[in-house]
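Before any comments, here is the structure.
The values are calculated or read from the model by the stated rules, or taken from the named source; none is laboratory data. Since we're looking at a predicted model, the values are computed, not measured. Neighbour counts are summed over all protein chains in view; Cβ atoms, including those assigned to glycine, are modelled from backbone coordinates with ideal geometry.
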Amino acid sequence: MDSISKDNGHFSMNGGDGPLSYDKNSSYQRGILEASKAIIEEEIATKLEFSTNSFCIVDFGCSTGNNSFPAMHAIIEAIKRKYESTDLKTPEFHVYFNDVVSNDFNTLFRSLPPDRSYEVAAVPGDFHGSLLPPSSVHFAYSSWAVHWLSEVPKAAEGLKSPPRSGGEMEEVYEAYLGQFEKDLESFLK
Ligand SMILES: C[S@@+](CC[C@H](N)C(=O)[O-])C[C@H]1O[C@@H](n2cnc3c(N)ncnc32)[C@H](O)[C@@H]1O
């Protein structure tokens with residue numbers, strides 16, 4: 001089942017909530033949150049150390065939101081618990097949902113949890129570039145997205161058929177690895 005479409009040079013997930021949508025075909029990706037939730041909660045409980053009146057969380061590569069909402073809920077609840085364990089006043093929360101411009105943000109906004117305790121905004125654009133003002137993000141989240149490369153590495157670009165030898169294979173592997181390292185470094189910066 002193909003729950004991906006291509007537009008403006010970027011692949012994006014199939015929108016809506018029909019049988020071929022990402023919404024209906026992403027329970028596997030949802031499993032990652034179940035696996036990582038305890039780690040996120042532990043890191044917030046032990047490492048989060050600052051006070052602000054307005055706490056900004058970004059989900060880079062949120063797609064249509066179905067997997068993002070439970071993640072944002074888990075993060076915010078963990079941050080609230082952290083603040084409640086101190087004398088600090090619990091901040092208000094703002095969640096910025098980022099994805100490529102062809103992402104179906106309408107489905108995301110239509111399916112926002114009505115009982116959420118945060119304000120929302122969309123940040124359409126490429127997370128390999130600059131999206132938000134410097135120092136404006138307090139918590140960055142991304143799941144199943146930052147491994148999407150900014151471009152096909154040059155060494156793999158010209159290949160018309162699968163690599164024929166171990167040497168060619170190694171070259172392509174190294175090219176993708178190098179591209180990933182470059183992209184991740186610039187993403188983190
Ligand atoms: C497999 S989906 C993951 C969606 C969601 N985070 C989840 O866990 O189910 C990957 C998402 O990353 C987005 N994405 C890929 N490259 C991106 C980029 N350069 N900038 C912004 N979003 C990107 C895709 O459009 C897609 O919605």
Read through the list (1) within 11 Å of the ligand (Cβ to nearest atom); (2) more than 19 Å from Gly16 (Cα to Cα); (3) surrounded by 18 or more Cβ atoms within 10 Å (Cβ to Cβ); (4) among the hydrophobic types (A, V, I, L, M, F, W, C), then give the number of the only condition that Leu108 fails. (2)
Note on Thr86: of the conditions (1) farther than 21 Å from Phe127 by Cβ; (2) of a type in the set (Val, Ile, Thr); (3) assigned to a helix (DSSP H, G or I), unmet is (3)
Among the residues of the stretch 116-126, are any more than 23 Å from Pro70 (Cα to Cα), among the small types (Gly, Ala, Ser) and assigned by TED's automatic domain parsing to the domain that holds Ser12? no
In the stretch 146-155, which residue that is in a loop (DSSP other than H, G, I, E, B) and of a type in the set (A, V, I, L, M) is nearest to Tyr22 (Cα to Cα)? Val146
Can you run down the residue pairs with Cβ atoms below 6 Å, 6 or more apart or on separate chains, where the first is in the stretch 168-189 and within 18 Å of Phe127 (Cβ to Cβ) and the partner is surrounded by fewer than 16 Cβ atoms within 10 Å (Cβ to Cβ)? Gln179/Leu149; Asp183/Leu149; Asp183/Ser150
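Out of everything in the stretch 95-105 that is among the hydrophobic types (A, V, I, L, M, F, W, C) and part of a loop (DSSP other than H, G, I, E, B), what residue ends up being nearest to the ligand (Cβ to nearest atom)? Can you show your working first?
Here is the first cut: in the stretch 95-105, the residues among the hydrophobic types (A, V, I, L, M, F, W, C) are 95, 97, 100-101, 105.
Going one step further and asking which of them are part of a loop (DSSP other than H, G, I, E, B), we end up with 100-101.
On the way: Val100: 5, Val101: 9 Å.
Per the stated criteria, the residue is Val100.
Can you go through Glu92, Glu34 and tell me which one is touching a residue at least 12 places away in the same chain (Cβ under 8 Å) and either away from the ligand (no atom under 14 Å from the Cβ) or in the same structural domain as Ser135 (by TED's automatic domain parsing) (or both)? Talk me through it step by step, then tell me what you get.
Working: Glu34 fails: touching a residue at least 12 places away in the same chain (Cβ under 8 Å).
Exactly one of Glu92, Glu34 is touching a residue at least 12 places away in the same chain (Cβ under 8 Å) and either away from the ligand (no atom under 14 Å from the Cβ) or in the same structural domain as Ser135 (by TED's automatic domain parsing) (or both), namely Glu92.
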Give the residue that is surrounded by the most Cβ atoms within 10 Å (Cβ to Cβ), with candidates limited to residues of the stretch 113-145 that are away from the ligand (no atom under 15 Å from the Cβ), in a loop (DSSP other than H, G, I, E, B) and in contact (Cβ under 8 Å) with a residue 40 or more places away in the chain. His138
Looking at the stretch 67-89, which of the residues that are more than 10 Å from the ligand (Cβ to nearest atom) and among the polar types (S, T, N, Q) is farthest from Ile39 (Cα to Cα)? Thr86
